[in-house]
Amino acid sequence: MQIHATNIHGLGASQVVKSFLDASSSLGFLDNSNIYLPTTGLLSKYLPEKGHVIRYNRFLPNSISRLIECFFSNFLFYNEKTIVLGDIPLRGIKNQVVLVHQPNLVYPKINSNSSKSLGFRINRFLFSINNKFASTIIVQTGAMANDLMKSYPAIKDKLIISPQPVPNWLVENANKFKRNIGKDKIILFYPAAYYPHKKHEFIISLNSYIESNSIDFSNIEIWLTLEEEHFKQFESISFLKNLGKLSSDEMNLYYKKVDALLFMSSMESYGLPLVEAIFLELPIITVKYDYSQWICEDTAYYFEPYSPTSFVSALDKFICDYTVGSLPSYKDVVKKFPKSWDIIAETFFSH
């Protein structure tokens, strides 16, 4: 058995891999397994309790190295049962279980928000020629399953939907969060790094709309989690506060201080902050897309994609409900999310 996660570098994806491997290790699934991990990023120093870790060195630019890795896989890895945690099946290796958590693998003709960059075009090409080597393809939402199936019809019978659990600290602290409705400002929290699909630029058009229509926004504050260089373009907007990049402990701290989650992303394979907010019983104001509706169902305050008018309307509705203590209940929505990573590990290894 081998586990392939050589291309995982982002915070969210790295946490997924660590959680999956920790659970797999505790269940005894990693005994005698080769685990391929990157030499850079958050996983570069990570070691699961069991299994043999092999660090995959890249001597060429990432895009070229990734192309070689996925195209000549049978020369670089063992031809044995394989779990791929990094989106693209390995060529020439049979009986793979593949986790897809890259929404840009969806073709732009299916979802217009998918990136048209050269890098993602190459990734889509690799996925299209390699998916025949996967016996099972796992995604985290029904929305992602639909878009992926429309993009690659041949994988229809291979798809499995397996939502992701929330981090352990959320489960431990969910009942300890108290909201102070009577405070001066209502705080919206948008925990997202600066990527094009996170649509931070919408805040600029929102600010222009507020100013041109003389809307009183003095009791609203939006907290962002951007690096300083990315926040510079927003510095003049009075209702913004930047917290910088946050650790898990800091996320825990700030979730306790805010009144609602704001989520504006145009493309997500999952949208973990939405799930975190559900477990914390934190109100959600989010853009209306298939992925957010799959996760939140009828419990969120939705606004039409990047419409300041629609956003202000959704915000007003939330404030009215929040003021009188009448908010949507998550008791039914939360049932579709697994309670532990053990369930996820068992799903992967059973296939």
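The values are calculated or read from the model by the stated rules, or taken from the named source; none is laboratory data. Predicted, not measured: the structure shown is a model, and the values here were computed from it. Cβ atoms come from the backbone with ideal geometry, glycine included; neighbour counts cover every protein chain shown. Side chains included, ligands, DNA and RNA excluded: accessible areas come from the protein's heavy atoms. Shrake-Rupley method; radii C 1.70, N 1.55, O 1.52, S 1.80 Å.
Name the single residue, out of those in the stretch 168-182 being of a type in the set (A, V, I, L, M, F, W, C) and either open to solvent by less than 40 Å² (accessible area, probe 1.4 Å) or within 21 Å of Pro273 (Cα to Cα) (or both), that is modelled with the highest pLDDT. Walk me through how you get there before you give the answer.
Let us first name the residues in the stretch 168-182 that are of a type in the set (A, V, I, L, M, F, W, C), namely 169-171, 174, 177, 181.
Filter again for either open to solvent by less than 40 Å² (accessible area, probe 1.4 Å) or within 21 Å of Pro273 (Cα to Cα) (or both), leaving 169-171, 174, 177.
Details: Trp169: 57, Leu170: 63, Val171: 53, Ala174: 52, Phe177: 55.
So the residue we want is Leu170.
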Practice prompt. Taking Val287 as meeting all but one of (1) under 17 Å from Lys335 (Cβ atoms); (2) touching a residue at least 40 places away in the same chain (Cβ under 8 Å); (3) open to solvent by less than 20 Å² (accessible area, probe 1.4 Å); (4) in contact with a Ser or Thr (Cβ under 8 Å, 6 or more places away or on another chain), write down the number of the exception.
Written response: (1)
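Kindly evaluate Ser73 against the criterion of being surrounded by fewer than 17 Cβ atoms within 10 Å (Cβ to Cβ), of a type outside the set (Asp, Glu), over 22 Å from the mean Cα position of the chain (by Cα) and assigned by the TED database to the domain that holds Leu159. Spell out how you get there, then give the answer.
Numbers: surrounded by fewer than 17 Cβ atoms within 10 Å (Cβ to Cβ): no; of a type outside the set (Asp, Glu): yes; over 22 Å from the mean Cα position of the chain (by Cα): yes; assigned by the TED database to the domain that holds Leu159: yes.
Judged against the criteria, Ser73 is not a match.
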Fill in: Pair list, Cβ < 6 Å and 6+ apart or interchain, from the stretch 190-208 residues that are without any contact (Cβ under 8 Å) to a residue 60 or more places away in the chain to residues that are among the β-branched types (Val, Ile, Thr) and assigned to a loop (DSSP other than H, G, I, E, B)
Asn207/Ile237
Item to complete: Taking Ser63 as meeting all but one of (1) in a loop (DSSP other than H, G, I, E, B); (2) open to solvent by 60 Å² or more (accessible area, probe 1.4 Å); (3) out of contact with any strand residue (DSSP E or B) (no Cβ under 9 Å at 6 or more places or on another chain), write down the number of the exception.
Response: (1)
Worksheet item: Using beta carbons and a limit of 8 Å, which pairs, at least six apart or on different chains, have the first residue in the stretch 296-322 and over 25 Å from Leu272 (Cβ atoms) and the second one open to solvent by 30 Å² or more (accessible area, probe 1.4 Å)?
Response: Pro308/Ser205; Pro308/Ser208; Pro308/Tyr209; Thr309/Tyr209; Val312/Tyr209; Val312/Ile215
Worksheet item: Does at least one position in the stretch 316-332 carry a residue that is closer than 25 Å to Ala193 by Cβ, open to solvent by 30 Å² or more (accessible area, probe 1.4 Å), assigned to a loop (DSSP other than H, G, I, E, B) and not hydroxyl-bearing (Ser, Thr, Tyr)?
Response: no
Item to complete: Sort out which residues of the stretch 229-274 are open to solvent by less than 10 Å² (accessible area, probe 1.4 Å) and acidic (Asp, Glu), and write them in order of number.
Response: Asp259
Worksheet item: Could you list, in sequence order, the residues of the stretch 24-51 that are open to solvent by 10 Å² or more (accessible area, probe 1.4 Å) and touching a helix residue (DSSP H, G or I) at 6+ places or on another chain (Cβ under 8 Å)?
Response: Ser26, Leu27, Phe29, Gly41, Leu42, Tyr46, Pro48, Glu49, Lys50, Gly51
Item to complete: Considering only the stretch 9-31, state which residues are at pLDDT below 90 and over 19 Å from Pro165 (Cα atoms).
Response: His9
Worksheet item: Got a number for residues in the stretch 78-95 being within 20 Å of the chain's Cα centre (by Cα) and not in a loop (DSSP other than H, G, I, E, B)?
Response: 2
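Per-residue answers, yes or no, for (1) touching a Leu at 6+ places or on another chain (Cβ under 6 Å); (2) at pLDDT below 95:
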| residue | (1), (2) |
| --- | --- |
| His101 | no, yes |
| Lys109 | no, no |
| Phe127 | yes, no |
| Ala134 | no, no |
| Ile138 | yes, no |
| Pro153 | no, no |
| Val166 | no, yes |
Worksheet item: If Ile278 satisfies every condition in (1) touching a Cys at 6+ places or on another chain (Cβ under 9 Å); (2) not in a helix (DSSP H, G or I) but one, which is the exception?
Response: (2)
